[in-house]
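To start, the structure under review is shown below, and the notes come after it.
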Amino acid sequence: MLTQAERHTFYKSKAWVSIRKEALKRDNYECQECKRQGKVFTDYHDPDKHKRLDVDHIKDLEHHPELALDIDNLTTL
Ligand SMILES: [Zn+2]
């Protein structure tokens with residue numbers, strides 16, 4: 001389990017910045033949740049959230065640090 005400070009450090013690491021970029025590219029810079037629901041860009045599930053796409057851990061970083069850099073555990077939202 002990672003502390004908030006450890007997670008903060010992780011999100012600033014080069015390894016994260018690099019895998020995050022890869023995940024965005026893989027997902028074509030599209031929100032995967034909206035895509036799954038068959039929505040188009042203009043009616044994304046939460047327009048405010050989509051001002052900036054983010055890469056999320058499917059299994060959260062706090063409890064699954066071993067999957068922190070596993071691209072299969074990442075999704076663009
Ligand atoms: Zn969305």
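Just so it is clear, none of the values below were taken in a lab; they were calculated from the coordinates. This is a predicted model, so every value here is computed, not measured. Positions of Cβ are generated from backbone atoms using ideal geometry, with glycine treated the same way; all protein chains shown enter the neighbour counts.
The table below lists the values:
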quantity: Interchain or long-range residues, amide H under 5 Å from L74's placed H; calculated: I58
quantity: Lysine pairs with alpha-carbon atoms under 18 Å apart, the stretch 4-76, spacing 8 or more or separate chains; calculated: 9
quantity: On Cα atoms only, tilt of 14-26 relative to the major axis of the chain in degrees; calculated: 20
quantity: The chain - mean residue ellipticity at 222 nm from DSSP helices (-39,500 (n - 2.57) per run, n ≥ 4, rounded to 500); calculated: -9500 deg cm²/dmol
quantity: Rg over Rh, two decimals, the stretch 4-76 (C-alpha only, Kirkwood Rh); calculated: 0.99
quantity: Cβ-based exposure ranking for T9, T76, in which fewest neighbours within 10 Å come first; calculated: T9, T76
quantity: Packing-based exposure ordering (other Cβ within 10 Å, fewest first) of K51, K21; calculated: K51, K21
